[in-house]
Amino acid sequence: SDAICNFVICNDSSLRSQPIIFNPDFFVEKLRHEKPEVFTELVVSNITRLIDLPGAELAQLMGEEDPKLPGANSTASGFFRSLMSLKRKEKGVVFGSPLTEEGIAQVSQLIEYLHKNLRAEGLFRVPGNSIRQQILKDALNSGTDIDLDSGEFHSNDVATLLKMFLGELPEPLLTHKHFHAHLKIADLTLFDEKGNKTSTPDKERQIEALQLLFLILPAPNRSLLKLLLDLLYQTAKKQDKNKMSAHNLALMFAPHILWPRNVTANDLQENITKLNNGVTFMIKHSQKLFKAPVYIRECARLHYLGSRAHTSKDDLDLLTSSGSKELQPLKSQKRSRLDSCHQEETQQRTEEALKELFRHVHNMPDSAKKKKLIRQFNKHPTALTPGSDVPTSPAPRRTRSRSFSGLIKRKVLGTPVILERKSRDTTPEPVRVSKENVQLLQKCGSPAHMSQAKLKSLEGQKEESCRRVRVRLLSKDSSSL
């Protein structure tokens, strides 16, 4: 039962009326934490179904090779790169350190404050006061409590500090491994009737690819990315007040969350437009990107229920088209699994009982009874064990009599006649009668109408005739000797 989910019976009457919260991605998260290799292979196989990743880029996505990024071998703008790297060497507890849950907890205070102040014009574009920003930065690094609602800080101070935190991360929020995949997702376009690519973006495939790509992000990155995109989505909804559209916000945040570290605009060249448009797309569709695709949910669920897994959207379409045709085989498989589990449990209990009985017999004092029991154990070591076929002894054959008296009986009595039995379970064994008795029975009627005295007289006559024949034959044999 724990392989599916655990549940608790609540006895508090005040909580029984509360709605039950069901997480549709429960099995997805369970598979991600318990079997990360299986989960990653499942997701990446579907990513390669949507976008074309050559061998080197696929190895980089899987983490098997170091990512090859633009500008990595270039010597241009060396002063700018060295300056950026020197800034990031000044690491604090939160700023400049690798992303951790503690850092997310501190930065989430900034995000919560900005949700309350989305109407400030030029939010994320207009820089704040550098002195107030440094005070706020030191407070976050030290882990002290900050009262942002006190009026000491402006919303532009908090917004600029949030961008600074993202820019000082050792690695962009969307990671270096995923850089080439995001470029390929930006190129997903629709096809015309003749199968030629058009310039119209294929939004459905882009959303599906981003859903899959976000599933294999590190957990801290995925958590902060969800908080950030939700904030930017709400900010763009109020662009009539703050004058910040989704595209304007993408221009502010793409260098911090998607661009590789220590690169310039000259290094990216024609890819800048793709990267900015990609972040714009993420902001507009942020409410759909953190849900696992339906076929991934189904595959994770079937993985724990022990049924066959459907690893792609095409397989799921086949599953839904078959409908209830697969329902009956699934039920029979479940029933057979339950029967096998019950049989294994019964067999295990029986074997334990036999072992306990054998130990008891072994500890008995030496006696004839003990030796007899041990011989029985050695003769049938697997008897009474479920699953083992107990040999049934065949019915004993009636041996043909070879004695002298048997020969006399066959000569005198002839072929025996077996009376018909009305019921095999209630009637006694058939009575054998001689030819003379058969003639008498025919005269007297059926045995059911005969009296006990007549039956006894018939049996007496039969025994007397047999005795006379035996005496006559014995006398002949003795005279010949």
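The values are calculated or read from the model by the stated rules, or taken from the named source; none is laboratory data. As the structure is a prediction and not an experimental result, all values here were calculated from the model. Ligands, DNA and RNA are excluded from the accessible area calculation, which covers all protein heavy atoms including side chains. Shrake-Rupley method; radii C 1.70, N 1.55, O 1.52, S 1.80 Å.
Here are the numbers for this structure:
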read-out: Whether region 130-244 is rounded, prolate or oblate, judged on the alpha carbon gyration tensor where a/c under 1.5 counts as rounded; value: prolate
read-out: Whole-Hz ³J(HN,Hα) from phi, Karplus 6.51 cos²θ - 1.76 cosθ + 1.60, for region 223-230, glycine and proline x; value: 5, 5, 4, 5, 4, 5, 5, 5
read-out: Residue-normalised accessible area of region 235-299, given per residue in Å² at a 1.4 Å probe; value: 42
